[in-house]
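Here's the structure, in structure tokens; my notes come after.
The values are calculated or read from the model by the stated rules, or taken from the named source; none is laboratory data. Just so it is clear, the model here is predicted, and its values are computed rather than measured. Cβ placement follows ideal geometry from the backbone for every residue including glycine, while neighbour counts extend to all protein chains displayed.
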Amino acid sequence: MKLFLDTANIDEIKALNNTGFVDGVTTNPSLIAKSGRDLMETIAEICDLVDGPVSAEVTATDAETMLKEGQKLAKIADNVAVKVPLTEAGLLVCKALSDQGTMVNVTLCFSTAQALLAAKAGAKFISPFVGRLDDIGSNGMGLIEEIVTIYANYDMRTEVLVASVRGVQHVVDAALMGADVATVPPQVISAMFKHPLTDKGLAAFMSDWEKTGQSIL
Ligand code: G3P
């Protein structure tokens, strides 16, 4: 399973990029606003830093303007994936951009029916927001299971990109369900490294080793 970083913060991306675990980046208008930086400059900088797909979201809601925005975003770099919302207009633009050879990430997906239409519109990625579904008492990972099943039933090529990830368990569940990608906030990636028994075991190894008085170097 691929791991994308869900952030527009350049420093956060730089900090994790050398781990080799960063297969791409996703941004959205809220993450760009949080970064306090210019959208076009930020996306260009991220595309220089990361080899994998970098999602940049349109900010219009009508098809004509979304298409123009998407074409402009796609010109920033070859690894730009244009994000469009899962609306009727967004899927029209998804089809048009996909036909032009642009990667499209269809975002704000909250139902299996929506995901089915996104695949039929030629989306490269579908982004179901599992955390926001959980937040209202729905079953976010249940949606992932249904989408993965339906895409496999018909050999649909759209990649399931699990978004709105709230913690390590979402990442593990996404992998168990066969999702293609999880886009993960940096703090969740950091949490994936950690386990208290690892820390405890390492401390015990170091303590016992110190008693030997030996040194490898
Ligand atoms: O990639 C989508 C993600 O940024 C949304 O996450 O936490 O705002 O639901 P969240």
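Points worth noting:
- Subset of region 100-157 that is among the hydroxyl-bearing types (Ser, Thr, Tyr) and away from the ligand (no atom under 15 Å from the Cβ) - its residue that is surrounded by the fewest Cβ atoms within 10 Å (Cβ to Cβ): Tyr154
Here's the yes/no breakdown for (1) surrounded by 19 or more Cβ atoms within 10 Å (Cβ to Cβ); (2) touching a helix residue (DSSP H, G or I) at 6+ places or on another chain (Cβ under 9 Å); (3) basic (Lys, Arg):
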position	(1), (2), (3)
Glu41	no, no, no
Val58	yes, yes, no
Met66	yes, yes, no
Lys72	no, yes, yes
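- Residue satisfying all of: in region 173-197; within 16 Å of the ligand (Cβ to nearest atom) and aliphatic (A, V, I, L, M); surrounded by the fewest Cβ atoms within 10 Å (Cβ to Cβ) among these: Ala191
- Search result, residues across region 20-39 that are away from the ligand (no atom under 16 Å from the Cβ) and touching a residue at least 24 places away in the same chain (Cβ under 8 Å): Phe21, Arg37
- Test: residue in region 114-121 that is in contact with a Pro (Cβ under 8 Å, 6 or more places away or on another chain) and farther than 16 Å from Ala81 by Cα: yes
- The single condition among (1) among the hydroxyl-bearing types (Ser, Thr, Tyr); (2) modelled with pLDDT under 95; (3) surrounded by 18 or more Cβ atoms within 10 Å (Cβ to Cβ) that Ser164 does not satisfy is (2).
- Elements of the type strands (runs of 3 or more DSSP E) sitting completely within region 1-111 and holding at least 1 residues that are of a type outside the set (Asp, Glu) and farther than 27 Å from Ala191 by Cα: these cover 80-85, 103-109.
- Top-ranked residue in region 1-18 [being polar (S, T, N, Q) and free of Cβ contacts under 8 Å to residues at least 40 places away in the same chain; ranked as farthest from Ala60 (Cα to Cα)]: Asn18
- Test: Ala81 is within 15 Å of the ligand (Cβ to nearest atom) and in contact (Cβ under 8 Å) with a residue 24 or more places away in the chain: yes
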